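Single-structure report; data block below.
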Amino acid sequence: MIITIDGPAGAGKSTVARLLAQTLSKQSGKTFEYLDTGSMYRAIALMGLRRKVDWDVAEELERIAENVSIAVRNGKTFLDGEDVTELVRSPEVTDKTRFAADNPAIRRIMVSLQRSIAEQLREDGKGLVTEGRDQGTAVFPDAPVKFFLTATPEERAKRRLNELQQHGKQGKLNEILQQITNRDVRDASRAVGPMKEPADAIRLVSDGMTLEDVVCQLTQKIIESILCII
Ligand code: C5P
């Protein structure tokens, strides 16, 4: 069974997807894996930085995407076998990831990889909670349960500022809010695989909710959806 979670940056999709996969594994007795598809685009950008590609020549990054191996297992991302889970979160990688995410040829490769990961899990009798921007629309349009997890830009900016402060870093709320708004526009206006709320998705606005509240609501919705299907 595939469950998709799409939504804008900073809505907490990764944390929610990870906890949801754990909760479903415990409650259903069937293993659910979690897939962070943003980390796959980030991994291509990381390799682009390492190989010092010319970012204005799209083919250079495409060649990397065609030749590297990206694997996502147990919530970790591997690039040619190396665990790059933490490295792909750096500001330098975040800044360059758009060159991978906006490139149609690279998106085709990533979508095909995401589908083959899901197929392998299905053959192994496992479920999948996958999160990104296009999972319920372009990658798994037939997924039986789809979510669109969002929060207001102000709430997402406050959470990001809190995160930074917890890591001993500084930030300005208005600057973070501007970055979040810019990223939303960019995500939604991408020519291929734009962020779009699937017509058949369940929408959850998580303002004022704890992580546990969100996961509890999603679990409840999954149970209701499954009861409707059978
Ligand atoms: O979710 P995260 O911030 O890690 O995503 C990194 C980048 O990859 C973002 O710019 C996002 O737009 C892009 N992305 C994408 N398609 C996905 C997941 C992420 O284009 N399925």
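Computed quantities for the displayed model
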| item | result |
| --- | --- |
| Cβ-Cβ under 8 Å pairs, at least 6 apart or on other chains, the range 136-159 side closer than 13 Å to VAL16 by Cβ, far side open to solvent by 40 Å² or more (accessible area, probe 1.4 Å) and in a helix (DSSP H, G or I) | PHE147/LYS221; ALA151/ARG159 |
| Boolean, ALA43 is touching a helix residue (DSSP H, G or I) at 6+ places or on another chain (Cβ under 6 Å), over 28 Å from VAL145 (Cα atoms) and not in a strand (DSSP E or B) | no |
| Qualifying positions in the range 1-40 - hydroxyl-bearing (Ser, Thr, Tyr) and in contact with a strand residue (DSSP E or B) (Cβ under 9 Å, 6 or more places away or on another chain) | THR4, SER14, THR23, SER25, SER28, THR31, TYR34, THR37, SER39 |
| Count - residues of the range 98-119 that are open to solvent by 50 Å² or more (accessible area, probe 1.4 Å), near the ligand (Cβ under 10 Å from one of its atoms) and within 13 Å of THR37 (Cα to Cα) | 0 |
| The range 76-97: number of residues that are open to solvent by less than 50 Å² (accessible area, probe 1.4 Å), within 11 Å of the ligand (Cβ to nearest atom) and within 17 Å of ALA9 (Cα to Cα) | 4 |
| Set ALA71, ALA58, ALA45: member being farther than 27 Å from GLY12 by Cα, of a type in the set (Gly, Ala, Ser) and either at pLDDT 95 or above or within 23 Å of the chain's Cα centre (by Cα) (or both) | ALA58 |
| Residue list for the range 1-18, filter: modelled with pLDDT of 95 or more and either away from the ligand (no atom under 16 Å from the Cβ) or on the phi > 0 side of the Ramachandran plot (or both) | GLY7 |
| Qualifying positions in the range 91-121 - of a type outside the set (A, V, I, L, M) and in contact (Cβ under 8 Å) with a residue 24 or more places away in the chain | GLU92, THR94, LYS96, THR97, ARG98, PHE99, ASP102, ASN103, PRO104, ARG107, GLN114, ARG115 |
| Those residues of the range 120-163 which are farther than 10 Å from THR4 by Cβ, within 16 Å of the ligand (Cβ to nearest atom) and out of contact with any helix residue (DSSP H, G or I) (no Cβ under 8 Å at 6 or more places or on another chain), in sequence order | THR150, ARG159, GLU163 |
| Qualifying residue in the range 136-148 (condition: outside any helix (DSSP H, G or I), closer than 21 Å to VAL192 by Cβ, open to solvent by less than 40 Å² (accessible area, probe 1.4 Å) and acidic (Asp, Glu)) | no |
| Inter-residue pairs, beta-carbon under 8 Å, first closer than 27 Å to LEU121 by Cα and in the range 48-72, second surrounded by fewer than 20 Cβ atoms within 10 Å (Cβ to Cβ) and basic (Lys, Arg), 6+ apart | ILE64/ARG51 |
| Among (1) within 12 Å of the ligand (Cβ to nearest atom); (2) of a type outside the set (A, V, I, L, M); (3) part of a helix (DSSP H, G or I), the one test that GLY48 misses | (1) |
| Subset of the range 10-52 (residues that are surrounded by 20 or more Cβ atoms within 10 Å (Cβ to Cβ) and of a type in the set (Val, Ile, Thr)) | VAL16, THR37, ILE44 |
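The values are calculated or read from the model by the stated rules, or taken from the named source; none is laboratory data. In this text, all values refer to a predicted model and were calculated from it rather than measured experimentally. Cβ atoms come from the backbone with ideal geometry, glycine included; neighbour counts cover every protein chain shown. Accessible surface areas use protein heavy atoms only, side chains included; no ligands, DNA or RNA. Shrake-Rupley method; radii C 1.70, N 1.55, O 1.52, S 1.80 Å.
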